[in-house]
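Working notes, structure below.
The values are calculated or read from the model by the stated rules, or taken from the named source; none is laboratory data. Being a predicted model, the structure only gives us computed values, none of them experimental. For neighbour counting, all protein chains shown are included, and Cβ atoms are generated from backbone atoms with ideal geometry for every residue, glycine included. Remember, those area values only see protein heavy atoms, side chains included, never the ligands or the DNA or RNA. Shrake-Rupley method; radii C 1.70, N 1.55, O 1.52, S 1.80 Å.
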Amino acid sequence: MSGTVTPPLLRMSDVHVRLSGSHILQGVDLTVRRGGVTALLGRNGAGKTTTVKAVLGLVPSTGTIEFTGSDGRNQRLSGRRTHEIVRHGIGYAPEDREVFGGLTVAENLTLAERRNSPHHHDRVYELFPELKQRSRQLAGTLSGGQQQMVAIARLLLNDNQLLLIDEPTKGLAPLLVAEVAEVLARAAEEVTILLVEQNLTVVRRMADDAIVVDQGRIAWSGPAPELMADADRTRELLGVATTGGHA
Amino acid sequence: MSTVVLLTITGLGLAALYFLVASGLSLIFGLMGVLNFAHGAFLTIGAYGTWWASDHLPGAGSTGWGFVLAVVFGVAVGTAVAALIELALIRPLYERHIEQVLVTVGLSLALVALVRATWGADPHPFPRPEWTQRTTSVLGANVPNDRFLLIGSAVVVLVAVLAFLRFTRFGLIIRAGVENRSMVTALGIDVRRAFTLVFAIGGAFAALAGALGGIYLGSISPGQGTSLLIFAFIVVVIGGMSSITGTAVAAVLVGLVQQFANYYAASGVGDLSVVLLLAAVLLARPSGLTARLA
Amino acid sequence: MNRISLRRLVPLVVFAVLAVLPYSTLQLPGLFDGVLNSPGTLQLLALCLIFGGVALSYDLLFGFTGLLSFGHALYFAAGTYAANLALTELGWGLGAALALTTAVGIVLPLLVGAVALRVSGIAFSMVTLATAQVGSIIVLQDPGGLTGGEEGLALDRDQVPDAFVGVLNTVNLYWLALAYLVLVYVVVTWVTGSRAGKVWQAIRENEGRVEVLGLQPYRFKLLVFVIAGLLAALGGITHLLLLGGSTPRTTTSDFTLGLLVMVVLGGAGSRWGAVVGGVLYTYLDSRLTDLANSPAVQDLPGWLRVPLSEPLFLLGTLFILVVFFVPGGIAGLVDRLRERRAGRRSGGGGPAPGRVVEQLREQVGAGLGGANPRDGV
Ligand SMILES: Nc1ncnc2c1ncn2[C@@H]1O[C@H](COP(=O)(O)OP(=O)(O)O)[C@@H](O)[C@H]1O
Ligand SMILES: [Mg+2]
C-alpha cells in the first residue's frame, strides 16, 4: 500500500445518457480532484446539466461513476438511487434553483436537513442574514437572487464533500453575481465544488481546474488558468471571447 | 325551510363521503402522479371488513364500542391492503405512471371481483348502531343522526390531515414532493417511503368512507366503491387535483348540488349537474379550483 | 416475393380462414363446446370478432394517438341504444336505424370531444369518464321507459331482416361481425397511414412539436376521437343484432376499462395486437364464466373455487401480470421474438408496435397546467 496516490473525489468513465430517444452524453470521462473548484464549461446544450444529473442519478445512465469520500472508501454511484447518492455527502443546487415555492424559507431549510449530517443553521443565517428575516416567507415569493441564496443555503446546511452547482449566477444582477461568487469562494475553502458556470469572470476568479463538454463528450480538461489564457481555444470551445462577461 | 335544512345536511353528509375518498386520491395523485383506480376497492374492503368484523371478530359487534371496534378493524384492513399494494405492485413500477395506472385498473377489477366471489353480488344489510338510526331536530327538520356522524368524521379527518401536512416532517416531504418530486430525492430523502404512506392514508380514509357509507345506505354491495369513485374523481379534478382544502370545498359543492338538483328537479338530474359542473370548471379554469396542496 | 409483401398477405389469409370457418364441422374439444359451425360456437366467435373491432377502435385513441379516454363505452352504448330505439320504438327499418346510429356516432363524440379535448392528460381522461357516466346514469334512470333501466332493452325483431333472426341464422350474424371487424381494420389501416395518422403519431410522441410545426393538435385529436367513436357506435349496432338487445352493462366504466385491458393485453399501438387482445379477452371472459359455473369448479375447495368463479378476478390478475412481465402485450412479445430471430437486423424508424405504453409515460398527467413542472408527471 503506497498511500501516496489519492484517488480523485469523483470519476466518471464512459458515461452515456439517452433521453427520449436522443443520445445526450456520448461517453463522458472526467475526474474531479479533492479540494478547490472544478469548472464544468461548454456551450448551451452541450450536456453540462445532464452530466451533473447523471452523477446524482436524476437521469438514467450507463458507464461507471465512482466517488471516494474522505473515509477513503470507493463508492460506486452508478445504478444507485438519488437519495442514496446524496447521502454520501453530495450537495446539489440545480440550474433553476428549484426551491419549493409553496414552502417557507425555514421549511425549505428544514427539509434539506440530512439525517446523517450535523445541521449548520447558524452558518447559513450568518452568510445570508436576509434569509433569517424572511424565514417565514413563502420561497415562491422571493426574488431570483433570494431564491438562489436558499438553494445555496441548502448546500451549506449539511456537511458535504462535493457540491454540484449548476449555473448559480444565471440571470442575476451583477452585484448579486459578485455576492454569490464570494459565498461560493468561502465555501470552497472547506469543500470541493464542481461548478457549471457561463460567466467566465466568475470562472477565472474561482476555478482551479476546468473541464469542457461539447456535444456530449469531454473536449478539454486541465488547469483553468491555462484554458482562460488561451483566447483562441476558449473561443473555439465555448464560443465566447475570454474577456466577455456573461456568455 | 325544514326541507332545505334536511337537504343541506344530507348534502354535506354525502360531501363527507366524497371528501374521504377524494382526499386520498388527491394526495396520491399529487405526490405520485398516479390516478388510483383501486381506490374504490379500498372502500369496498373497508365496508366488508367492518361488516365481517361486526359478526365474527371477538369483542366487535353492531352497536356501541363493539361497532367502533368493527370499524377500526375494517379501516385497518383497508390500510394494510393499500400499503401492501403500494409496496408490491406500485413501487416496482417507480416513475412509470401509465403502467401504474394500468395496474390500479387491473386491481380495481380483480379486488371487487374477489369480494363478489367471496360474499356474493347481492347487497348485505349493514349494522347500524342505535344512535345513528334516530333523528335530531334542527331548525324544524328531523335530521337522521348518521349525517352528523359522516360530517363529523370528515371534519376530524380534514383537520388531522391539514395538521399532519403542516406540522410533521412527513407532511413537509409530501408537500414538497407534490411540488417537485425529484428535488426532494436530491435532498437525500427517500420519497418512496412517503408514497407508501400516502397510499396507506388514502386506503384508511377510503375504508372509513366504506364503513360510514354502509351506515348511510344501510347495506353494502361489491360495486358500491366503484360508483362512488367516479364522483370522487370529479371532486378531485374540481378541487385542483392535489389540494386538500380544494378537495374539501369541491366535495361540499358537489354534494350540495347533487342533493338539491336531485330533489328539486328530478332524480338523476343532480348527478348530471355534477358532470356539467366539472365541465364548466375545467373549461373555465383548466387547473381546477386551487393549485396547491394544504 | 420478399418478406414484406408476404407479411401484408397475412391479414388476407386470416380473413379468408375466418370467412369460410362456418363451413367447418371441426370439433375443438376444450376450446369450444360444440363443433365450429354450431350456433353456440359461432355466437361466441362473432362476439369475439365484434370486440376485436371495438378494441381496435379504442386503440386508435389510446395506442395510436396517446389519448387515454375512460369513456369509450359511451359511443358503443350509444350505438346499441340508438339503433334499438329506432328499430323497436320508432319501428324504423334497419337501413334507417343504421343511418341514425351513424349520425349519433358522429355527433356525440364530436360534442364530447370538442369539450374534453380542450384539456389534456389526466384531465381529459376524467372528462371522458364523467361524460360516459352521464350516459350510464341516463340509461339507468330509464327516461320515459325508453331505455329499460337495469333490465335493458330487448330488440323488436320484426324490423330486422329475416336473415339476421333466429338460431339458424347465427352464421349470418357471424359474417356480419366479421364484416364489421374488417371494416374497422381497413378504416384504421387507412387513416393511420394517412397524413392525419402521421400527425396522430407525432401528437402521441410529442404534442408540443406538432404545435411548433404550425399544426393544430386539437383538430387532429377531435378527428381521431370522432372516427374512433363512430367505429365503436357501429360495433354497438352489430352487438345489438347479435345479442338481440341492449344492456346497461355496456354503459359502465367497467366496460371501458375492459377495452383498455384488451388493448394493453394485445399490444397498444398495434392493429393486430388490439384485435387479438379483444378476441382473447372476450373468449376468456366467456369461457371462464362457463368454467366458473361448471360442476368441476363448484366442487372445488373454497380457496380455489372462490377465485375461479369470477372471470374478472382472473382477467384482472392476468392483466396485472401482463403489465409487469409482458410490456407491449402480445404484439410486443411477438415483436421481441421476431427481433431475436432476425438478430436485431433492422433499426427501424418509429416505435415498435405494442411498445406505446412506454412511450406515453412522459406525457400522462401533463395536462393540468403544469402542476408538477419539473417531474414531467
Ligand atoms: N429530457 C430530455 N429529453 C430530450 N433531450 C434533452 C432532455 N434534457 C436535455 N436534453 C437535450 O440534451 C442536450 C444537453 O442538455 P443540457 O445537459 O441541459 O445542456 P447544458 O446544461 O450544457 O446547456 C440539449 O440538446 C438538450 O436539448
Ligand atoms: Mg444546463
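Odds and ends about this structure:
- Taking region A:59-111 and the strands (runs of 3 or more DSSP E) fully enclosed by it, the elements with 2 or more residues that are more than 16 Å from ligand 1 (Cβ to nearest atom) and β-branched (Val, Ile, Thr) are at A:61-68.
- Where a residue in region A:192-219 is without any contact (Cβ under 8 Å) to a residue 40 or more places away in the chain and its partner, wherever it lies, is within 16 Å of ligand 2 (Cβ to nearest atom), with Cβ under 9 Å and at least six apart: A:202/A:39; A:202/A:168; A:202/A:169; A:202/A:195
- Filtered by the rule that a residue be within 14 Å of residue C:232 (Cα to Cα) and either of a type in the set (Val, Ile, Thr) or open to solvent by less than 50 Å² (accessible area, probe 1.4 Å) (or both), region C:173-195 gives C:177, C:180, C:181, C:182, C:184, C:187, C:188.
Yes/no matrix, rows are residues, columns are (1) within 20 Å of the chain's Cα centre (by Cα); (2) part of a helix (DSSP H, G or I):
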| residue | (1), (2) |
| --- | --- |
| C:190 | yes, yes |
| C:197 | yes, yes |
| C:200 | yes, yes |
| C:203 | no, yes |
| C:215 | no, no |
| C:226 | yes, yes |
| C:230 | yes, yes |
| C:240 | yes, yes |
| C:263 | yes, yes |
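- For residue C:256, the requirement of being open to solvent by less than 10 Å² (accessible area, probe 1.4 Å), part of a helix (DSSP H, G or I) and among the polar types (S, T, N, Q) is met.
- Among (1) buried (at least 21 other Cβ atoms within 10 Å of the Cβ); (2) touching a Ser or Thr at 6+ places or on another chain (Cβ under 6 Å) - the single one residue C:156 does not satisfy: (1)
- In region C:109-160, residue nearest to the other protein chains (Cβ to nearest Cβ) [restricted to those that are in a loop (DSSP other than H, G, I, E, B) and touching a Pro at 6+ places or on another chain (Cβ under 7 Å)]: C:119
- Qualifying residue in region B:242-261 (condition: within 14 Å of chain A (Cβ to nearest Cβ), more than 14 Å from the chain's Cα centre (by Cα) and not hydroxyl-bearing (Ser, Thr, Tyr)): yes
- Top-ranked residue in region C:292-309 [being more than 13 Å from chain B (Cβ to nearest Cβ) and assigned to a helix (DSSP H, G or I); ranked as surrounded by the most Cβ atoms within 10 Å (Cβ to Cβ)]: C:296
- One residue stands out among those in region A:222-247 that are open to solvent by 80 Å² or more (accessible area, probe 1.4 Å) and not in a helix (DSSP H, G or I): the one that is modelled with the lowest pLDDT, which is A:246.
- Residue B:65, sole failed condition from (1) buried (at least 24 other Cβ atoms within 10 Å of the Cβ); (2) modelled with pLDDT under 95; (3) within 23 Å of residue B:127 (Cα to Cα): (1)
- Number of the exception - residue B:79 against (1) within 29 Å of residue B:137 (Cα to Cα); (2) touching a residue at least 24 places away in the same chain (Cβ under 8 Å); (3) more than 12 Å from the chain's Cα centre (by Cα): (1)
- From the list B:118, B:136, the one residue that fits, being in a strand (DSSP E or B), surrounded by fewer than 19 Cβ atoms within 10 Å (Cβ to Cβ) and either more than 11 Å from every other protein chain (Cβ to nearest Cβ) or among the hydroxyl-bearing types (Ser, Thr, Tyr) (or both), is B:136.
- Identity of the residue in region A:163-179, under 14 Å from residue A:95 (Cβ atoms) and either part of a loop (DSSP other than H, G, I, E, B) or away from every other protein chain (no Cβ under 14 Å) (or both), that ends up farthest from ligand 1 (Cβ to nearest atom): A:172
- Failed item, numbered, when residue A:16 is tested on (1) assigned to a strand (DSSP E or B); (2) more than 16 Å from ligand 1 (Cβ to nearest atom): (2)
- Condition met for residue B:232 (under 21 Å from the mean Cα position of the chain (by Cα), more than 14 Å from every other protein chain (Cβ to nearest Cβ) and within 24 Å of residue C:254 (Cβ to Cβ)): no
- Residue check: residue A:175 meets all listed conditions (1) crowded, with 17+ Cβ neighbours inside 10 Å; (2) aliphatic (A, V, I, L, M); (3) over 24 Å from residue A:208 (Cβ atoms) but one, namely (1).
- Search result, residues across region A:64-103 that are more than 10 Å from chain B (Cβ to nearest Cβ), more than 16 Å from the chain's Cα centre (by Cα) and open to solvent by 10 Å² or more (accessible area, probe 1.4 Å): A:64, A:66, A:70, A:71, A:72, A:73, A:74, A:75, A:76, A:78, A:79, A:80
- Residue identified as within 14 Å of chain C (Cβ to nearest Cβ) and surrounded by 18 or more Cβ atoms within 10 Å (Cβ to Cβ) among B:9, B:28: B:28
- Scanning region A:21-53 for residues that are open to solvent by 30 Å² or more (accessible area, probe 1.4 Å), within 11 Å of ligand 1 (Cβ to nearest atom) and assigned to a loop (DSSP other than H, G, I, E, B) yields A:21, A:43, A:44, A:45.
A quick yes/no check of all residues on (1) open to solvent by 10 Å² or more (accessible area, probe 1.4 Å); (2) hydrophobic (A, V, I, L, M, F, W, C); (3) assigned to a helix (DSSP H, G or I); (4) touching a Lys or Arg at 6+ places or on another chain (Cβ under 7 Å):
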position: A:132; (1), (2), (3), (4): yes, no, yes, no
position: A:147; (1), (2), (3), (4): yes, no, yes, yes
position: A:159; (1), (2), (3), (4): yes, no, no, no
position: A:181; (1), (2), (3), (4): no, yes, yes, yes
position: A:184; (1), (2), (3), (4): no, yes, yes, no
position: A:194; (1), (2), (3), (4): no, yes, no, no
